[in-house]
Amino acid sequence: MFNLNLKNKSYLLTVSTLLLIGCGGGESNSVSVVKGEVSSFSDLNSEEQEILSSLSTNQQELLDAINKERTESKTCGERGTFPAVPALTWNADLYAAALEHVTDLAYSDTFSHDGSGTEYDITGNGQASKFYERIVANGYANYFSVGENIAGGQRSVEEVMKAWMKSPGHCENIMKSTYTEVGVAIIIKDDSTYQIYWGQNFGSKKG
């Protein structure tokens, strides 16, 4: 068991990139940053602790939460309205990339889509890694489209999904029809700033 003393703050970041076929490998990036309080936190009870600690291996629950949102049309603020889209499937390489990054965030006590550039930023190897570099380094090569959502401080799947869906950029990533696969990771480190770190990596392959 672990003991969390969560602070009254949480952060969200989202980023996506699309490799444009037939455009000489050009990239179109859009980055949105949202920060602010989501709710007031207090010490977790034993049931909440057990649920959070089990999420790191409960892939189906994390996947179901995303696919539930994709079953209905959603309006993502200024990003527009998105129709219902097919369910995503779990991808182990996207999960590995997400796990690498949230581990880096927790142990370097940083919060960005860029890696910390420290020893915990494995893909960066001394440089600040980019999200798409981590995705490729973890085996998700020959991709058509990839994206990333991260969050810090939320204490349940329901809470983090609610926060992501309220944020236009995160909502758009979750509802994009160009994505077909996803990997989601969570890590808990009680002496870091946000203590609970969430990462979603989305992707689709060429062809």
- [ ] Please work out the FRET efficiency for the pair Thr81 and Ala141, using the Cβ-Cβ distance as r and a Förster radius of 35 Å; give the result to the nearest 0.05.
- [x] 0.60
Open item on the list: Given a Förster distance of 25 Å, report the FRET efficiency between Trp90 and Ser54 from their Cβ-Cβ distance, rounded to the nearest 0.05.
Closed with: 0.90
Task: Cα-derived Rg over Rh, computed across the range 90-193 with Rh taken as Kirkwood radius - done: 0.95
TODO: Starting from the Cα-Cα distance between Asp64 and Lys206, subtract it from 0.36 nm times their residue separation and give me the gain in nm to one decimal.
DONE: 48.6 nm
TODO: Please report the base-10 log of the normalised intensity I(q)/I(0) for the range 152-207, using a Debye sum with one equal scatterer per alpha carbon and no solvent, at each q in 0.22, 0.25, 0.28 (1/Å).
DONE: -0.90, -1.04, -1.16
TODO: Using a Förster distance of 35 angstrom, determine the FRET efficiency expected from the C-beta separation of Ser73 and Glu119, and round it to 0.05.
DONE: 0.20
Open item on the list: If amide hydrogens are placed 1.01 Å from N in the peptide plane, which non-local residues have theirs closer than 5 Å to the one on Phe82?
Closed with: Lys74, Thr75, Cys76
Open item on the list: Cross-link candidates for Lys205: which aspartates and glutamates have Cα within less than 16 Å, leaving aside residues fewer than 8 places away along the same chain?
Closed with: Glu27, Asp93, Glu133, Glu148, Glu181
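Every read-out reported here was derived from the displayed coordinates using simple, explicitly stated rules and does not represent laboratory data. Because the structure is a prediction, the values reported are computed rather than measured. In this analysis, Cβ positions are derived from the backbone assuming ideal geometry, glycine residues included, and neighbour counts consider all displayed protein chains.
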